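The values are calculated or read from the model by the stated rules, or taken from the named source; none is laboratory data. Since we're looking at a predicted model, the values are computed, not measured. Quick reminder, even Gly has a Cβ in these numbers, built from the backbone with ideal geometry, and neighbours come from all protein chains shown. Surface areas here come from the heavy atoms of the whole protein model, side chains and all, with no ligands, DNA or RNA. Shrake-Rupley method; radii C 1.70, N 1.55, O 1.52, S 1.80 Å.
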Amino acid sequence: MKFLISIASFAVFISGLYFLASFELFYAIGFGILLLVHEFGHVFALNKMEGTIKGVYFFPFVGAIVTSDKKLKTENEHAYFKYLGPLTGTLGVLVTLLIFFLLKDPRFLNLVFAGAILNLINMIPLTLLDGYGILRGSIKYVEWIGFLVLIIVGVFIFHEYILTLFFLTI
């Protein structure tokens, strides 16, 4: 039953990208597969730590989570679990790049760039992202570092509106 719910959530994720975000079906499936590869990294980590996987659940426009009955006791276990997702996600991006070189289809190159950017965003040390779990044990105030990264990126993106944003913040 849990497997069917995981499959259904994957289908809802892809259909959400296709129908609601107006992605081409190729890109919706490609993003879904890249995210699935990322989540399989977390599943692999849980299997190595002898945890039981309850399910992999996808949420349109948000991402996915892996649920388990395993309680991560040490910071090393937490970091290992969080790190294997981006690692396998990077391997998925590299495989997509290899497919691009073999087929010369520019859609695969677009998936490579999108997958790499999603992996980079996932490594920002904010609470719900994998970057936070990796750095959690080594840096005491890791949430503030993630917040600082977002502010710096926001300044570069919205530099034309920085004065307005400053007054709105005040």
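The table below gives the values:
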{"item": "Top of His78, His38, His159 by mean-square fluctuation, Gaussian network on the chain, Cα under 10 Å", "result": "His159"}
{"item": "Separation in nanometres of the label points that stand 7 Å from Cα toward Cβ, at Val153 and Val12", "result": "2.6 nm"}
{"item": "Above-threshold pairs, the threshold being 30 Å between Cα atoms, out of Lys82/Lys104; Lys2/Lys82; Lys48/Lys104; Lys2/Lys104", "result": "Lys82/Lys104; Lys48/Lys104; Lys2/Lys104"}
{"item": "Principal axis dimensions, largest first and in whole angstrom, of segment 53-112 by Cα", "result": "46, 26, 16"}
{"item": "Point-charge dipole on Cβ atoms (K/R +1, D/E -1) for the chain, about Cα centre, debye to 20", "result": "340 debye"}
{"item": "Average accessible surface area per residue within segment 1-75, 1.4 Å rolling probe, Å²", "result": "60 Å²"}
{"item": "Area projected by the alpha carbon convex hull of segment 1-89, averaged over all directions, nm²", "result": "5.7 nm²"}
{"item": "Heavy-atom accessible surface of the chain: percent carbon and sulfur, 1.4 Å", "result": "74 percent"}
{"item": "The chain: radius of gyration and largest Cα-Cα distance (Dmax), Å", "result": "17.9, 53"}
{"item": "Label-point separation, Leu91 to Asn47 (7 Å along Cα→Cβ), nm", "result": "1.0 nm"}
{"item": "Burial ranking of peptide ranges 119-126, 23-30 (average Cβ count within 10 Å, highest at the top)", "result": "119-126, 23-30"}
{"item": "Magnitude of the charge dipole, segment 1-83, Cβ model with Lys/Arg +1 and Asp/Glu -1, debye to 20", "result": "240 debye"}
{"item": "Mean Kyte hydropathy of 0.0 or more with a Cα span along the axis of at least 30 Å, helices from DSSP in the chain", "result": "25-48, 75-103"}
{"item": "Area of Ile7 that stays accessible when all protein chains are in place (1.4 Å probe, Å², to 10)", "result": "90 Å²"}
